[in-house]
1. Scan (1) 45, 33, 23; (2) 36, 27, 21; (3) 87, 19, 13 for the value of Cα extents along the principal axes in Å calculated from this model and give just the label.
2. Please give the peptides 65-78, 8-21, 30-43 ranked by average Cβ packing (other Cβ atoms within 10 Å per residue), highest first, as a rough proxy for protection.
3. So how much slack lies between Lys50 and Asp2, counting 0.36 nm per residue of separation and subtracting their Cα-Cα distance, in nm?
4. Can you give the calculated 222 nm mean residue ellipticity of the chain, where each DSSP H run of n ≥ 4 adds -39,500 (n - 2.57) and the sum is split over every residue, rounded to the nearest 500 deg cm²/dmol?
5. So what is the relative contact order of the chain, in percent, for Cα pairs below 8 Å that sit 6 or more residues apart?
6. With the dipole of region 3-96 worked out from charges on the C-beta (+1 for Lys and Arg, -1 for Asp and Glu) around the Cα centre, which of Gln26, Tyr58, Ala9 lies farthest toward the positive end?
7. Rounded to two decimal places and with Rh computed the Kirkwood way over Cα pairs, what is Rg over Rh for region 54-97?
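Here, each number is a calculation from the coordinates, and none is a lab measurement. Since we're looking at a predicted model, the values are computed, not measured. Quick reminder, even Gly has a Cβ in these numbers, built from the backbone with ideal geometry, and neighbours come from all protein chains shown.
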Amino acid sequence: MDQQQAIEAATFRRLLSHLDSHKEVQNIELMILADFCRNCLAKWMVTEAKERGVELDYEQAREHVYGMPYSEWKDKFQLPATPEQLAAFEKRQAEKE
């Protein structure tokens, strides 16, 4: 791995650590504000692995991103979306079309 890749990998690990330190930030909030969430990161990991011929399924990737099985994270930390969050998300999605 060259220096640029090492920096990018370290940055990704830091992003995951930062998200892990802020479990109160809900995925829907990330989607509204940044148009990506923890699940998106897992999907991107699967895509990049596939492009490199590496077997990585979505649940494995989500466990890497969440630091635990997604079902466990969801039970412990995910709150139901509020009507305001759902409306903001729908507005954001409509703006993308």
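1. (1)
2. 30-43, 65-78, 8-21
3. My answer for the length gained is 15.2 nm.
4. Estimated from H runs of four or more residues: -23000 deg cm²/dmol.
5. 28 percent
6. My answer, from the dipole projection, is Ala9.
7. 1.15
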